[in-house]
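The values are calculated or read from the model by the stated rules, or taken from the named source; none is laboratory data. Please read all numbers here as calculations on a predicted model, not as lab measurements. Every residue, glycine among them, receives a Cβ derived from its backbone with ideal geometry; neighbour counts consider all protein chains shown.
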Amino acid sequence: MKKKSDIFLLAFSLAGFTVFYVAPFLRSLGYAFLDNAFTKRFAGLGNFSALFKNEYFLLGMKNTLLFTAVSVPLAMAFSLAVSLLTVSFAGDMPFVKGAFFLPVLLPSATIVTLFSRYASSLPPFLALLIIFIWKYSGLNIILMMTALGSMEKGMLEAAKIDGAGAIRRTFKITVPNILPVLFFTLILSIVNSLKIYRESYLLYGEYPDKSVYMLQNYLNNHFEKLNYQNIATAAVIFAAGLYAVVGILLRAERKRSEEIW
Amino acid sequence: MKLHALALLTAAAVSLSTLCACGGGSAPKREENSDYISPEPLSAAQAAVGGDFEADEKLPVAAYKNIAFVLSGNTLARIDFSTGERVDLVSDTPAFAVGCDGSRFALVGSDFAALYDYDGKKLSEIALEPEASLSYYGCAAVDGDRVVFNSSGKKSDSIFLWDTKSRKVSELPSTWQAGARGARVKSLSFGADGVLYSTFITNAEIAGGDAASSVCDISEDRLISDFKLAASQDGGRIGSDGVYYYVEPYAASNGESWSYFISKVADDGRSSTVAMISPETLKGPGTDSNIIHNVHDDSDFLFHDSYSLEYSDGSNFVVYNLTAGLLVAFNISDSAENCLIALVPETSEQHWYSDAVKELAVQYASESGMQVLVNAIPKDEYDDRVRTKLLAGDDDFDVFFASGALLNSVLKNSAYYPLDEFEGLVNNFDTVLAEGVRGLMTADAGLFGIVLRAEYWGCLRETQESGIPDSWTIDDLFKFCDEIPAGKKVFGDRYMITRSVCNVIEDMIAKDGSIDEKRFSEILSKLKEYNDKGVLCDGSADNYLTYGMLAFDGFNILGNDVGEYRTVVNPTMSGTNYLTVEALMVNRNSKNPESAAGFLELFTRPGYVYDNSGIKQVIGRDITKNSIWPNIEPQYQRVYEYSMKQYKDSKPSVLEALDGFSAEVADEVSLVFDGAETPDDAAKKLADRLSYIYLE
């Protein structure tokens, strides 16, 4: 009986997933092999090879990956440090959590209005980095603080009695204990780093400084040029890359968990 | 492992969908288009009701779908359009206004209001206090137990609500009048959701000024929208769907027929047609609608009946032909068969494109029996919405307007229906339109559309004695600068240089697909050198040339005072002219490409092409056939003749399709001329920028 209800409940989720994610994915995949969204002639791998020769696609890809590679570790480290310090000194105070979470709730337009005065005097990449850390670290901090708050305190006290210092306790006990949450926030940060395009677009427009020309700039501009085959191909390439990254991370996390437990 | 696979698939799919969504906001999808309703099949019924148009006497009328109530004299009659039955229900009533819903009607007089069922049985009645009474003419509307009516005060109207259940009459809040002080109620109607709507006449309109209309949700005391109406949009009302509809007569451009459009006005004042109605449907026997040729300015003027819309729900309409004393009820279905849909951009102030399309739509309907509905899309949304529809492969439109970046992307992707197979149209390109126009309107996939406007940047006020050739290159310009007499300079201002530099860039793009930085820097250096000498554009010397954007149609040419001077196109590198082109094209997925091409063919016929009394299209091949040619002064004739030649070897401008690039060229020219930047740096910046936005 329970199984039937499980399947019934799962059916809605699967239907939504199929209609809103799998079907568009497959359709986009189809476009990637057409020469043109209008003439619809089969182009084989022509779009893929053309895209890898397109300097602006490569620039957008490079900048997007670079931004993710720089911003995500910084945001993670910052969030973890703030969480540890806050839990140590202020405890699990709802007000503190709320204060950290506030930037997440702000619309991009508001953030850009706040930052536009300072953004012009900073290198664009740095300006976006600051906005990203300020906006998205709050969510990480909330999750990390919650994980830290629910951790078994006895282990830390035992380690302390055994003479372990604060740094050792942090990296040998605290971090391994909240590893699943850290992994989740890592995935979340990667996804959020791809969303920085909104702030970039509002600050610098369709054709920003080349240091912050993201993959989404390329996609958006090619929509205006009706080059849907380019958009689809670029998206498929990026999705494949992301698939690989998430796969590696999942595997590493599972391996690490097995080692610990 | 399976869970991990699912997680990976989810992550990939989510990321792909997110990325696709970045492309203009959405992946291709079929967009629900509620802006038009096809008119077929149309069923209509007429009923003579009287009224005296000459005496400005409009009988109080209320209607609901196929039922109408008419108050004539002191008698109220019910008309059933479906059966033609007319029944007198109430007699000897001194009422001034009548309103109704689907089962009841109300009469309002100077000191009473009464509610009846459809058989004339009185359900409720109330005496009105003097401040709520009607003194002359008013409006009324009914929604179940609620009756609303207006009362004319000294300065403005008030609207009263009579709740027949509680038997209370109360004045509705009047903050809705703030947007149009002194406004008088013109119509009252309830929406299907019970919201009360009203339109108003403002003092300005009463005084003969522009008409205006506020659409209000009176029951919530909330102004929904407030917009000006063109004179042709008067006489409408807000339907039960909350949309303002009106009747709009249009004459065909050939002056041989006319028709009526049932149109609606969006909140921002844009107008879109929902149906075309033949003159016979709305015209009573013996009325005298006619197209009168105006000898003075060679235009046609449509003399037509006066109409008032009495009911609308988006599908059913009741129109009061005031001139004929006729009520007409008709229904339009939501079927999209047997009509053409044209998409045009429009703002509340600009109706050029839709006017041009509507004029020929009337002609096309009279010739083919097929109707053309004009779907106006806000100008600032137009390109994105059409792009989305094109990418989604939508087949719910047949003809669309394209210019600038949209035109450029449509041509690059062959996202149009090639017109080469339509002999009549092609023949007109070869025999009617000026030489070179066909080449201008041909891209990789073939003839892409008909040209609505084609403009070039040229110089005015250029004397015959200067020796500037009809077509000159940038090297000719340098030579001219070398030989220029003392006390003279070439251009009136730097903008002419900007346009010339743009021509150079267009040439470079056409040749190599990018800016040749070295050559471009040399040209900028020479221009700066001549400018520093005071012979190019800066300085106090008399100039030969000033700028003007000239269209190939008579209107713009006549709009510029060319005086005794001639025009010269801006210097180029190769002799190719780059024209700003606006086109009407056929949707690649149209269900009726033959009909759509047939409609476009009207734009190329001699009768249309040689009628240059308005802003329309390119001039014809035999310039002397132009209807206004005999009246044109010789100096203007020279402009026409010169413009004619510019089609040859011309191409649609690419730079005009790159938003803001011309402005960046102007900035760079200024920086170079002011010494704030070197020509090398300017060339590099523009080359980088161009590769960014053009070659990306």
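A:ILE190 passes all but one of (1) within 10 Å of chain B (Cβ to nearest Cβ); (2) in contact with a Pro (Cβ under 7 Å, 6 or more places away or on another chain); which number fails?
Among (1) within 10 Å of chain B (Cβ to nearest Cβ); (2) in contact with a Pro (Cβ under 7 Å, 6 or more places away or on another chain), A:ILE190 violates only (2).
Sort out for me the strands (runs of 3 or more DSSP E) sitting completely within segment B:159-224 that have 2 or more residues that are under 22 Å from B:VAL318 (Cα atoms) and at pLDDT 80 or above.
Once the strands (runs of 3 or more DSSP E) in segment B:159-224 are filtered for at least 2 residues that are under 22 Å from B:VAL318 (Cα atoms) and at pLDDT 80 or above, what remains is B:184-190, B:196-201.
Considering only segment B:334-441, give the helices (runs of 4 or more DSSP H) lying wholly within it that have at least 1 residues that are surrounded by fewer than 21 Cβ atoms within 10 Å (Cβ to Cβ) and within 21 Å of the chain's Cα centre (by Cα).
Correct list: B:352-368, B:379-392, B:404-412.
Pull up segment A:121-175, narrow it to residues that are among the polar types (S, T, N, Q) and in a helix (DSSP H, G or I), then point me to the one that is nearest to A:TYR201 (Cα to Cα).
The extreme case among them is A:SER137.
Name the single residue, out of those in segment A:2-42 being among the β-branched types (Val, Ile, Thr) and either under 23 Å from the mean Cα position of the chain (by Cα) or part of a helix (DSSP H, G or I) (or both), that is farthest from B:ASP395 (Cα to Cα).
A:ILE7
Could you tell me which numbered condition A:ALA244 fails, if it satisfies all but one of (1) surrounded by 17 or more Cβ atoms within 10 Å (Cβ to Cβ); (2) within 14 Å of chain B (Cβ to nearest Cβ); (3) under 18 Å from the mean Cα position of the chain (by Cα)?
A:ALA244 satisfies all of (1) surrounded by 17 or more Cβ atoms within 10 Å (Cβ to Cβ); (2) within 14 Å of chain B (Cβ to nearest Cβ); (3) under 18 Å from the mean Cα position of the chain (by Cα) except (1).
Could you run through segment B:77-107 and say how many residues are in contact (Cβ under 8 Å) with a residue 40 or more places away in the chain, part of a strand (DSSP E or B) and within 17 Å of B:TYR64 (Cβ to Cβ)?
Qualifying residue count for the region: 9.
Collect the residues in segment B:655-696 that are within 12 Å of chain A (Cβ to nearest Cβ) and in contact with a strand residue (DSSP E or B) (Cβ under 9 Å, 6 or more places away or on another chain), keeping them in residue-number order.
Listed by number, the list holds a single entry, B:ALA657.
Please specify each residue of segment B:358-382 satisfying the condition of being under 26 Å from B:LYS651 (Cα atoms) and touching a residue at least 24 places away in the same chain (Cβ under 8 Å).
B:LYS379, B:TYR382
Out of all the residues in segment A:164-181, is one or more within 14 Å of chain B (Cβ to nearest Cβ) and not acidic (Asp, Glu)?
Yes, there is a match, as at least one residue in segment A:164-181 is within 14 Å of chain B (Cβ to nearest Cβ) and not acidic (Asp, Glu).
Please name all residue pairs, on different chains or six or more residues apart, with Cβ atoms under 7 Å, provided the first residue is in segment B:473-487 and is touching a residue at least 24 places away in the same chain (Cβ under 8 Å) and part of a helix (DSSP H, G or I) and the second residue is of a type outside the set (D, E, K, R) and exposed (fewer than 12 other Cβ atoms within 10 Å of the Cβ).
B:ASP476/B:PRO469
Does segment A:176-193 hold any residues that are assigned to a helix (DSSP H, G or I) and either free of Cβ contacts under 8 Å to residues at least 40 places away in the same chain or polar (S, T, N, Q) (or both), and which are they?
A:ASN177, A:VAL181, A:THR185, A:SER189, A:VAL191, A:ASN192, A:SER193, listed by residue number.
Can you confirm whether segment B:447-463 contains a residue that is polar (S, T, N, Q) and not in a loop (DSSP other than H, G, I, E, B)?
Within segment B:447-463, none of the residues are polar (S, T, N, Q) and not in a loop (DSSP other than H, G, I, E, B).
Is it true that A:LYS225 is facing chain B (nearest Cβ under 9 Å), on the phi < 0 side of the Ramachandran plot, in contact with a Leu (Cβ under 8 Å, 6 or more places away or on another chain) and surrounded by fewer than 24 Cβ atoms within 10 Å (Cβ to Cβ)?
no
Considering each of A:LEU66, A:LEU45, A:LEU58 in turn, give the residue that is away from chain B (no Cβ under 13 Å), within 22 Å of the chain's Cα centre (by Cα) and either surrounded by fewer than 18 Cβ atoms within 10 Å (Cβ to Cβ) or hydrophobic (A, V, I, L, M, F, W, C) (or both).
Unique residue meeting the criteria: A:LEU66.
Please specify each residue of segment A:203-213 satisfying the condition of being facing chain B (nearest Cβ under 9 Å) and in contact (Cβ under 8 Å) with a residue 40 or more places away in the chain.
Listed by number, the residues that qualify are A:LYS210, A:TYR213.
Being of a type in the set (S, T, N, Q), out of contact with any strand residue (DSSP E or B) (no Cβ under 7 Å at 6 or more places or on another chain), more than 10 Å from chain B (Cβ to nearest Cβ) and buried (at least 18 other Cβ atoms within 10 Å of the Cβ) is the requirement here; does A:THR185 meet it?
Against the criterion (of a type in the set (S, T, N, Q), out of contact with any strand residue (DSSP E or B) (no Cβ under 7 Å at 6 or more places or on another chain), more than 10 Å from chain B (Cβ to nearest Cβ) and buried (at least 18 other Cβ atoms within 10 Å of the Cβ)), A:THR185 qualifies.
Identify the single condition in (1) surrounded by fewer than 21 Cβ atoms within 10 Å (Cβ to Cβ); (2) in contact with a helix residue (DSSP H, G or I) (Cβ under 8 Å, 6 or more places away or on another chain) that B:THR473 does not satisfy, given that it satisfies every other one.
(2)
Which is buried (at least 17 other Cβ atoms within 10 Å of the Cβ), within 8 Å of chain B (Cβ to nearest Cβ) and in contact with a Phe, Trp or Tyr (Cβ under 7 Å, 6 or more places away or on another chain), of A:ILE231, A:ILE196?
Going through A:ILE231, A:ILE196 in turn, the sole match is A:ILE231.
If we scan segment B:131-153, do we find a residue that is surrounded by fewer than 20 Cβ atoms within 10 Å (Cβ to Cβ), at pLDDT below 90 and within 30 Å of B:ASP80 (Cβ to Cβ)?
Yes, some residue in segment B:131-153 is surrounded by fewer than 20 Cβ atoms within 10 Å (Cβ to Cβ), at pLDDT below 90 and within 30 Å of B:ASP80 (Cβ to Cβ).
Here is a list of conditions, (1) exposed (fewer than 15 other Cβ atoms within 10 Å of the Cβ); (2) over 24 Å from the mean Cα position of the chain (by Cα), and A:PRO180 meets all of them except one; can you say which number that is?
Tallying (1) exposed (fewer than 15 other Cβ atoms within 10 Å of the Cβ); (2) over 24 Å from the mean Cα position of the chain (by Cα), A:PRO180 fails exactly one: (2).
Pairs only if they're at least six apart or on different chains, beta carbon under 9 angstrom, first in segment B:490-519 and not assigned by TED's automatic domain parsing to the domain that holds B:ALA663, second surrounded by fewer than 23 Cβ atoms within 10 Å (Cβ to Cβ) and not polar (S, T, N, Q); list them, first residue then second.
Close Cβ pairs satisfying both conditions: none exist.
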